[in-house]
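The structure appears below as structure tokens.
The values are calculated or read from the model by the stated rules, or taken from the named source; none is laboratory data. For clarity, every value in this text was computed on a predicted model and none was experimentally measured. As a convention, Cβ positions derive from the backbone with ideal geometry for all residues, glycine included, and neighbour counts pool all protein chains shown.
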Amino acid sequence: MDKKGLKEEAVHGTVKFPLAVYCYEGETTFEVNLHWHEEWEIIFMKKGNFCLDINMQKYRLSGPAMLLVGSGDIHGIHGEEGCREGAVVFDMKMLSFEHYDSVQYQMIGPLLNRTVQLPVAITESDKVWTEMAGLYEKILEEAKKETPAARMRVKAYLLQMFACMYENGKLVHMGGIADYEGKKIENVKKVLGFIQENYGQRITNQDMAEVVQMNAQYFCRYFKRVTGKTPTEYVNEVRIGKAAEYLYRTDRKILDIALECGYDNIGYFIRRFKEAKGVLPSQYRKSRSNEDKKSK
């Protein structure tokens, strides 16, 4: 079993310029389930309250604040109603120098090799905030354009961000992640990947335990200790998330969606959905339709 099921499949940017910009400014809650990707990500929480998971640690932040996510980091985010959020997702290799120099050796190389730890978050109280926030806004502005000059500026601003953090002691050389912590994260990636691949089928604790070669009883304690949720809670979270996506993006019958998401009892599905989203599946679909009409 590998971790590909949890790995995000979206393509960020293009082969010619591997960087993409995203933003969310809706009126409902904002939810991104646990996932990971090879790219690095700078998440800018402009307004509102956010609950964050990064490498199995939980954080609460209020905007404005910035979250820094490294390649391979498991992360998820929940924003309360009315929040404003954006992100820049990019391949760190785009900042590498063809000519090997001290910058490549001291800064870019360690970032690529993950021997440097980034700060988890930067807030208004940090002395680097003004410079980092200003550079982020410049990246957004230039990323709208597709000219070589604009793309060069984007790369320059990203390099300035890392230079700012380096200069102010925000980048910490770790000498590699501790073996235990690294294995713990890899184990979780395997299990979450298994769930993502099989959420439409019956999944038992024994099935998940076998993925990481543990007995079921120990696995349940291990999973709860690492993620803060029981295996069953997480499986239901993934299933409801997928169901919400289908309700939003398709006109399929609610019964068909429930079956595809692993629920063979429609009453149980409706109850679980309402517990998670606060509304019935039919109401959720209607509210999303109304949002689309308003945005047109």
Yes/no for residue 183 being in a helix (DSSP H, G or I), among the charged types (D, E, K, R) and within 18 Å of residue 55 (Cα to Cα):
yes
Would region 92-101 turn up any residue that is in the same structural domain as residue 148 (by TED's automatic domain parsing) and in contact with a Phe, Trp or Tyr (Cβ under 6 Å, 6 or more places away or on another chain)?
yes
Within region 56-72, track down each residue that is within 23 Å of residue 234 (Cα to Cα), crowded, with 18+ Cβ neighbours inside 10 Å and free of Cβ contacts under 8 Å to residues at least 40 places away in the same chain.
69
Residues of region 96-122 satisfying the condition of being loosely packed, with under 15 Cβ neighbours inside 10 Å and either under 25 Å from the mean Cα position of the chain (by Cα) or part of a loop (DSSP other than H, G, I, E, B) (or both):
96, 97, 98, 99, 100, 101, 113, 115
Answer yes if at least one residue in region 189-204 is farther than 30 Å from residue 127 by Cα, acidic (Asp, Glu) and out of contact with any Gly (no Cβ under 6 Å at 6 or more places or on another chain), and no otherwise.
no
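Kindly indicate which of 146, 181, 141 is surrounded by fewer than 16 Cβ atoms within 10 Å (Cβ to Cβ) and either at pLDDT 90 or above or among the hydroxyl-bearing types (Ser, Thr, Tyr) (or both).
Working: 146 fails: either at pLDDT 90 or above or among the hydroxyl-bearing types (Ser, Thr, Tyr) (or both); 181 fails: either at pLDDT 90 or above or among the hydroxyl-bearing types (Ser, Thr, Tyr) (or both).
None of the others qualify; the one that does is 141.
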Subset of region 252-283 (residues that are at pLDDT below 90 and surrounded by fewer than 12 Cβ atoms within 10 Å (Cβ to Cβ)):
275, 278
Can you name every residue in region 66-124 that is among the polar types (S, T, N, Q), modelled with pLDDT under 90 and in contact with a helix residue (DSSP H, G or I) (Cβ under 7 Å, 6 or more places away or on another chain)?
71, 96
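Condition check: under 21 Å from residue 31 (Cα atoms), among the basic types (Lys, Arg) and either in contact with a Phe, Trp or Tyr (Cβ under 7 Å, 6 or more places away or on another chain) or modelled with pLDDT of 90 or more (or both). Does residue 239 satisfy that? Give the derivation first.
Working: under 21 Å from residue 31 (Cα atoms): yes; among the basic types (Lys, Arg): yes; either in contact with a Phe, Trp or Tyr (Cβ under 7 Å, 6 or more places away or on another chain) or modelled with pLDDT of 90 or more (or both): yes.
So residue 239 passes the test.
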Hey, any hits in region 194-204 for a residue that's without any contact (Cβ under 8 Å) to a residue 24 or more places away in the chain, of a type in the set (Phe, Trp, Tyr) and not assigned by TED's automatic domain parsing to the domain that holds residue 34?
no
What are the pairs, 6+ residues apart or on separate chains, where a residue within region 114-137 that is outside the structural domain of residue 163 (by TED's automatic domain parsing) has its Cβ under 7 Å from a residue that is among the aliphatic types (A, V, I, L, M) and modelled with pLDDT of 95 or more?
none
Of all the residues that make up region 125-154, how many are under 23 Å from residue 169 (Cα atoms) and assigned to a loop (DSSP other than H, G, I, E, B)?
4
Counting only residues that are within 14 Å of the chain's Cα centre (by Cα) and either loosely packed, with under 15 Cβ neighbours inside 10 Å or under 11 Å from residue 84 (Cα atoms) (or both), which one in region 12-23 is modelled with the lowest pLDDT?
23
Among the residues of region 38-56, are any part of a helix (DSSP H, G or I) and touching a strand residue (DSSP E or B) at 6+ places or on another chain (Cβ under 8 Å)?
no
